[in-house]
1. Give me the net charge of HIS372's neighbourhood, meaning all other residues with Cβ under 12 Å from the Cβ of HIS372; Lys, Arg count +1, Asp, Glu -1.
2. When only alpha-carbon atoms count, how far does region 228-328 stretch along each of its three principal axes, as whole angstroms with the largest first?
3. I'd like the distance between the alpha-carbon centres of region 286-321 and region 39-90, rounded to an integer number of Å.
4. Order these peptides, 180-188, 198-206, by their mean beta-carbon neighbour count within 10 angstrom, highest first.
5. Under 5 Å between amide H atoms, partner at least 5 residues away or on a different chain: which partners does PHE49 have, H built in plane at 1.01 Å?
6. How big is the convex hull of the Cα atoms of region 256-409, per residue, in Å³?
7. In region 328-466, what is the volume of the convex hull around the alpha carbon atoms, normalised per residue and reported in Å³?
8. Ignoring ligands, DNA and RNA, what percent of the 1.4 Å accessible area of the chain is carbon and sulfur?
Amino acid sequence: MIVAWVNSTLLWNTHVLWLYGFVGCGKSAIALAISLKFERRKRLVGSFFFFRNTGDRSRMTRFATTLACQLAAAIPEAAPFIKKAVKEEPGLLQSSLVAQLRRLVYEPFKEAAKRVRLLKMFLLEGPFLIVIDGLDECEDRKDVVSFIDEMLEFFKKHPLVPLRFFITSRVEQHIQGRLKNDQVRLENLINHCSRDDIDTFMRTCFEAEKKRNPVINAYIQKYGEWPTKKDKDQLVDHIGGSFIFASALFKYIIDPTDNQSTPMDRLPHTLNMNPGLDTLYARTLSRSQDLPHFSNIISTFALLFEPLPIVGIAELLGIESFEVIQVLVNLQAIIHIPGTDDLPVTMCHTSLRDFLTAESLSGCFFAPPSFHLYLANCCYSLKEGKKSGTVVTSYITGHFEEHVQALHPLYPHILAESQDIPFFSDIISTITLLSEPLPIAGIAILLGIEAFEVSQVLASLQAIINLGTDEDKPVTMRYTSLHNFLTTKAQSGVYFVSPAYHLKLSYHCFIINLEHQLNTIPLLPVTEYSKQHREHHWIQFLNTISEQSIFTELEQLPHLPSQNASYHLFSFIHIFFWLFGGNSTHRPQQVWYALSKCVESLAVTWECDPAPDRWLWKNLNWFAQSRINDMNEQVYSLKVHQEEVMTFHHNVERIGKAIQEKVVMASFAFEHSIQLRGSPYSVAAVSQ
């Protein structure tokens, strides 16, 4: 039927035939047979057999360029048009799938089809053919939709082009919704499958096995025909119309690696299996489940984005090749094991992956999504080891980030293990927003807590955060996707790290700077960090939050009673330079309110701390020297109420009074000091 459709030269014939059906009913076998038939007839333009989790065969990345390469080889007349397109558009190979298909496949074929040789071939033999198998196994769903839409649009504009597309797939919504229209011929393979097909297949398989299996021959010589007609008929009925089930059952029955039973013993077991592949998969996997590393090997096999050879699986998991072989050799009814260790191990059918990744089907054999974390960490460790030239390094280069992306749904579960520990939120927010990573001790000093409290939070997060064995080694996030997760509210929910936390970091840096200026803490890496990045955190806070929220956040900034003076000094300095500093990216709109808060904060600062020497000789001196040179001239024209002016004037008077009190106190303290030392300076000079 398919051959007749391709060969038809009727103008009203459809350009696309979609053959669909359930898993294992023979779609790929038919696609391969059709491809080979038309390749021999010199009318196969190209073919692409998608296969899930096999790198480029599971993506649209090289789809158009593969077809273009095949087109140039099959129809040399099309090659000059392909070369011309690439030469005229240097960025074509990096452009969209639609553009590549149009410029590298459709248009070159259309132009080549006008040549005499191709016109003759079309008229005498029929149109040319492109075969696309397993379209449902392509992971780029949006590109699949784009491919179908562009293909149908091309044939709508050029109905006389002698080209046919034969497409096979399972019924998937994104495919069915596009291909079910008048331009496409639909064929359900189930309508063409018969019991006789399965009977012929099983009879052929058993006859071939009898010729090469001495155990079966010995049994037949003693007991007669095997399998009996009754058993064979029952087996065929049990299989239904699934060729993949028939193939897997046959492999299970004649499995040469099973030394515990014979094919004659296993045949009755298959008749008791539930129809379908799930029971067969479970029974086959159970043969290896008690072996070392079984769960890791099977989960790796199920979740890899591209198949690896035995040596690659072993290297990735950090085990020996023989341990991988030991597990897989019992599973040859459902897994293809190549003759050498350097060829990839593959599944007999992608339904095995569907089985392993659905807990409701696989039960104890389930490969959980959380195993991506284990694989990502294995890749990370090998990547850090900087080993090169192996098949795994190539895999890591191509797929490490895909395993990392798969971690997004897992982050909430990992973080939940520590969220009830004290200071969890502060520690995670700090690690997320630091400009440069700090060691555990540095994070503890910055937050004013103990190092063991930081370690306690991070202990259960080592799968996603690097702690290091050296106490001076900075704490870092293992994956950038964790940072993206924590800073995206829609993804992280209760774990969201608000940009407003930059205010707390700026304040903590300020406190450390201040204490260092007052000689209460030594020079440490965290001291240097605070000096260099305090202003950065303040600016980040200003740039990511509304103006009203800035004042609200400042008022709600948590601090100890002993830090009242430091807190108000922090508010004064940062509002002051927000108003008048030369480095501010934007100025406050509520200028009078900001100015009032600034002066009020300075007044409270002077009133909070009774030690005159600290404020006169340390704080203001440091403030003036470190920041006054950054200022530029700012002029504001303001309209204010008399009550506001009176409040402002009152706060200025508070500042003046506090300064006078501290000057007097400083004078007496200094007078006492110079009397002890016999200094010639007068108290009046000191006061001035």
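1. Summing Lys and Arg as +1 and Asp and Glu as -1 gives -2.
2. 50, 29, 18
3. 34
4. Taking the mean over residues of other Cβ atoms within 10 Å, the ranking is 198-206, 180-188.
5. When sequence neighbours closer than 5 places are left aside, the close amide H contacts are ASP133.
6. Residue-normalised Cα hull volume stands at 112 Å³.
7. In region 328-466, the Cα hull volume divided by residue count equals 158 Å³.
8. Carbon and sulfur: 55 percent of the exposed surface of the chain.
The values are calculated or read from the model by the stated rules, or taken from the named source; none is laboratory data. Predicted, not measured: the structure shown is a model, and the values here were computed from it. When we count neighbours, we look across all protein chains shown, and the Cβ atoms used for this are built from the backbone with ideal geometry, even at glycine. What goes into the accessible areas is simple: the full protein's heavy atoms, side chains included, and nothing from ligands, DNA or RNA. Shrake-Rupley method; radii C 1.70, N 1.55, O 1.52, S 1.80 Å.
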